[in-house]
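Everything on this sheet refers to the single structure shown next.
The values are calculated or read from the model by the stated rules, or taken from the named source; none is laboratory data. From a predicted model like this one, the values you see are computed outputs, not experimental measurements. A quick note on method: Cβ atoms are made from the backbone with ideal geometry, for glycine too, and the neighbour counts reach across all protein chains shown. Note: accessible area is taken over every heavy atom of the protein model, side chains too, but ligands, DNA and RNA are not part of it. Shrake-Rupley method; radii C 1.70, N 1.55, O 1.52, S 1.80 Å.
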Amino acid sequence: MHQHTLIRAMEGGLLGTLLQTMTVYGVMPLLLGQSVEPAAMLEPSCAVGLLAHVCSGSVLFPLAYVCLPSQELQESPVLKGMLWAGLLWGALEVLIAPMLGAGVFSAALGGFPAAGRALLGYLVYGATLGGMVGAAERESRYASHTARRM
């Protein structure tokens, strides 16, 4: 695993986290005709949660993603990223959400519609992460192949 791939994974995780947050808190409420309350996200309790969300999405999850043995498969990196994000979403909805009081599959927040919006956000995250890691891996393979030829 190259340092370039790790850096690109964390960049992809940060970008994916920002896109995920914009999708869940910005785009989806507008599409559903709900009001967007950005001021509520700046309250201290919400700010701590957003900080944890950004840290896990830009450091922890990308590092775990590049350590997966599936990185050797030659399938679509975007699909692999989306599958990783689906796994994260499932763990969140079954394990973490009940501990936070939202219930299994966000039952206290509206049930499956709320869980579906979260899934959409996670898929955006995974596609971004997978695409950026896949591009970095292709660059690394090309550079090592070119270096061997010289």
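Please work out which one of (1) open to solvent by 20 Å² or more (accessible area, probe 1.4 Å); (2) on the phi > 0 side of the Ramachandran plot is the condition Gly111 fails and give its number.
Condition not satisfied by Gly111: (1).
Taking the conditions exactly as written (out of contact with any Leu (no Cβ under 8 Å at 6 or more places or on another chain) and modelled with pLDDT of 80 or more), does Leu19 satisfy them or not? Break it down stepwise before answering.
Working: out of contact with any Leu (no Cβ under 8 Å at 6 or more places or on another chain): yes; modelled with pLDDT of 80 or more: yes.
Against the criterion (out of contact with any Leu (no Cβ under 8 Å at 6 or more places or on another chain) and modelled with pLDDT of 80 or more), Leu19 qualifies.
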